[in-house]
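Asker: Take a look at the following structure, please.
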Amino acid sequence: EFQAEVKICPRCGCRGQAAFPEHVPGQVQYGPRLHALTTYLNVVHFVPLQRVTQITDALFGASISDGTVALNINLASERLKPFEDDLKAGLRQQPVLHADETGAKVNGKLNWFHVACFAGGTLYTLHPQRGYAAIKAAGVLSDFGGVVVHDAWNTYFRLPGEHALCNAHLLRELRKLDEHDGQLWAGELRRELQQVYHLQKSGGVTEQQKMAFYTRFDELVQAALEANPVQEPIPKQRGKPKQLPGRNLALRCQQHRAAMLRFLERDDVPFDNNQAERDIRMLCVKRKVSGGFRSEAGGEAFCRIRSFVSTLHKQGLSV
């Protein structure tokens with residue numbers, strides 16, 4: 001509440017009144033803290049618009065509308081455009097970035113969240129497509145010359161920089177082949193990979209141990225190809241024959257050997273892609289808690305504000 005005192009000169013009768021602050025133009029209005037709170041509840045804690053209005057009405061007696069909440073979100077997004085530009089420039093300067101994606105509904109249609117991140121910043125973007133067009137529209141990874149850590153999705157291999165694959169995915173696939181399909185080579189490769197990772201993590205892996213592991217890696221991949229022979233075409237059946245899961249994984253290990261084992265060559269390249277998976281998980285939580293978006297603009301505003309909030313958290317700053 002702001003009060004302006006009015007004074008009347010006892011001599012001349014002139015009436016003088018104090019001026020209100022510039023950000024208080026009306027008789028009754030919602031203050032910046034209430035505007036910020038509605039945005040915070042919706043974007044950070046995924047509270048749906050209608051429930052945000054119920055909370056503000058119950059706590060403050062402010063009967064705001066869904067449209068006011070949406071307006072607050074759009075205003076915050078507009079103010080964060082310079083931040084997003086700076087964030088993209090900062091991401092492109094990093095030596096290593098993590099990438100991942102997940103689906104989201106916009107006006108009832110499937111769209112895709114994409115994340116490009118590192119320990120000090122997060123960029124979320126939304127696009128109708130999942131593939132390279134979405135990555136290019138985000139404006140970071142398509143021009144990035146460092147190492148991109150990702151899963152083995154083919155689209156990422158179109159990026160210009162170097163690649164590092166998530167070995168947590170590889171360990172899960174090897175475990176399945178070992179325990180459920182009886183592929184002995186998979187269990188042995190899994191144990192060898194875990195052992196060399198723990199040695200590397202503790203700083204105790206030597207060049208001789210690396211070379212021994214590379215040799216063993218190649219031997220086990222070759223054993224996998226021999227244990228999973230090529231499936232011949234079936235007469236009168238169109239298309240290529242479906243290969244065994246063990247063979248597909250072995251071929252991927254053979255083709256992307258350098259990307260899988262890059263963590264042994266560079267200390268700044270992690271063993272897995274947990275950074276991106278942690279960052280993308282919050283968008284999966286949003287999808288479960290409050291669903292999708294009514295419009296593409298709403299989704300883009302959410303991504304920009306969420307990028308800001310995530311970056312603040314990573315840098316130890318208060319939202």
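Asker: Using a Förster distance of 45 Å, how high is the FRET efficiency between V285 and Q255, based on the Cβ-Cβ distance and rounded to 0.05?
Answerer: Working: r = 34 Å, r/R0 = 0.77.
With R0 = 45 Å, the Cβ-Cβ based efficiency is 0.85.
Asker: Working with all protein chains in place, sort D178, D100 by solvent-accessible area computed with a 1.4 Å probe, largest first.
Answerer: Working: D178 45, D100 20 Å².
Largest accessible area first, the residues go D178, D100.
Asker: Oh, and also: Through the Karplus equation 6.51 cos²θ - 1.76 cosθ + 1.60, θ set to phi - 60°, convert the phi angles of the stretch 245-257 into ³J(HN,Hα) values in whole Hz; use x for Gly and Pro.
Answerer: Result, ordered by residue: x, x, 5, 4, 5, 5, 5, 5, 4, 6, 6, 10, 4 Hz.
Asker: Report D for the chain in µm² per second (integer): Stokes-Einstein, Kirkwood Rh on Cα pairs, 20 °C, 1.002 mPa s.
Answerer: Working: Rh = 23.5 Å.
The Stokes-Einstein estimate is 91 µm²/s.
Asker: Here's something else I'd like to know. What FRET efficiency, computed as 1/(1 + (r/R0)^6) with R0 = 25 Å and r the Cβ-Cβ distance, is obtained for E296 and R266, rounded to the nearest 0.05? Please list the in-between numbers first.
Answerer: Values: r = 38 Å, r/R0 = 1.53.
Given R0 = 25 Å and the Cβ-Cβ separation, E is 0.05.
Asker: Give, as a single signed number, the net charge of other residues whose beta carbon lies under 11 Å from the beta carbon of A119, with Lys and Arg counted +1 and Asp and Glu -1.
Answerer: Working: positive: R278, K314; negative: D268, D279.
Counting the neighbours of A119, the net charge comes to 0.
Asker: I want the local charge near R247. Using Cβ-Cβ distances under 13 Å, sum +1 for each Lys or Arg and -1 for each Asp or Glu among the other residues. Could the numbers behind the result be given before it?
Answerer: On the way: positive: K240, K242, R252; negative: E173, D181, E226, E232.
Here the count lands on -1.
Asker: I'd like the antiparallel share, as a percent to the nearest 5, of DSSP beta bridges with both residues in the chain. All intermediate terms of the calculation are to be shown ahead of the outcome.
Answerer: Working: 19 of 27 bridges.
Antiparallel bridges: around 70 percent, rounded to the nearest 5.
Asker: Can you give the relative contact order of the chain as a percent, counting alpha carbon pairs under 8 Å and 6+ residues apart?
Answerer: Working: 405 pairs, mean separation 70.2, N = 319.
Once normalised by length, the contact order is 22 percent.
Asker: For the stretch 123-135, what does the Karplus curve 6.51 cos²θ - 1.76 cosθ + 1.60, with θ = phi - 60°, yield as ³J(HN,Hα) per residue in whole Hz, taken in order and with x for Gly and Pro?
Answerer: With coefficients 6.51, -1.76 and 1.60, one gets 10, 9, 9, 10, 8, x, 10, 8, x, 5, 4, 5, 5 Hz.
Asker: Dipole of the stretch 137-260, Cα-centred, from +1 at each Lys and Arg C-beta and -1 at each Asp and Glu C-beta, to the nearest 20 debye?
Answerer: On the way: 16 positive and 14 negative charges, 82 e Å.
Roughly 400 debye for the stretch 137-260.
Asker: Let me ask something else. What list of ³J(HN,Hα) values in whole Hz, one per residue of the stretch 275-282 in order, does the Karplus curve 6.51 cos²θ - 1.76 cosθ + 1.60 (θ = phi - 60°) give from phi, with Gly and Pro shown as x?
Answerer: 4, 5, 5, 5, 5, 6, 4, 5
Asker: Using a Gaussian network model of the chain with C-alpha springs under 10 Å, which one of E101, E207, E84 is most mobile by mean-square fluctuation?
Answerer: E207
Asker: Suppose accessible area is computed on protein heavy atoms with a 1.4 Å probe; arrange E277, E219, E5 from highest to lowest. Don't skip to the answer; put the middle values down first.
Answerer: Details: E277 40, E219 95, E5 125 Å².
Correct descending sequence by accessible area is E5, E219, E277.
Asker: Then there is this: Using alpha-carbon positions, what is the distance between the centroids of the stretch 177-197 and the stretch 11-55, in Å?
Answerer: Taking the Cα centre of the stretch 11-55 as reference, the centre of the stretch 177-197 is 61 Å away.
Asker: Then there is this: All other residues with a Cβ under 15 Å from the Cβ of D151 taken together, and with Lys, Arg as +1 and Asp, Glu as -1, what is their net charge? Please list the in-between numbers first.
Answerer: Values: positive: R130, R158, R172, R252, R262, R278, R281; negative: D100, E101, E173, D272, E277, D279.
The answer is +1.
Asker: Still on this model: Out of the DSSP beta bridges found with both residues in the stretch 50-203, what percent are antiparallel (nearest 5)? Before the final figure, lay out the partial values.
Answerer: Details: 16 of 23 bridges.
If we restrict to bridges inside the stretch 50-203, about 70 percent are antiparallel.
The values are calculated or read from the model by the stated rules, or taken from the named source; none is laboratory data. What you see is a predicted model, and the numbers here were worked out from it, not measured in a lab. A quick note on method: Cβ atoms are made from the backbone with ideal geometry, for glycine too, and the neighbour counts reach across all protein chains shown. The area values use the complete protein model at the heavy-atom level, side chains included, leaving out ligands, DNA and RNA. Shrake-Rupley method; radii C 1.70, N 1.55, O 1.52, S 1.80 Å.
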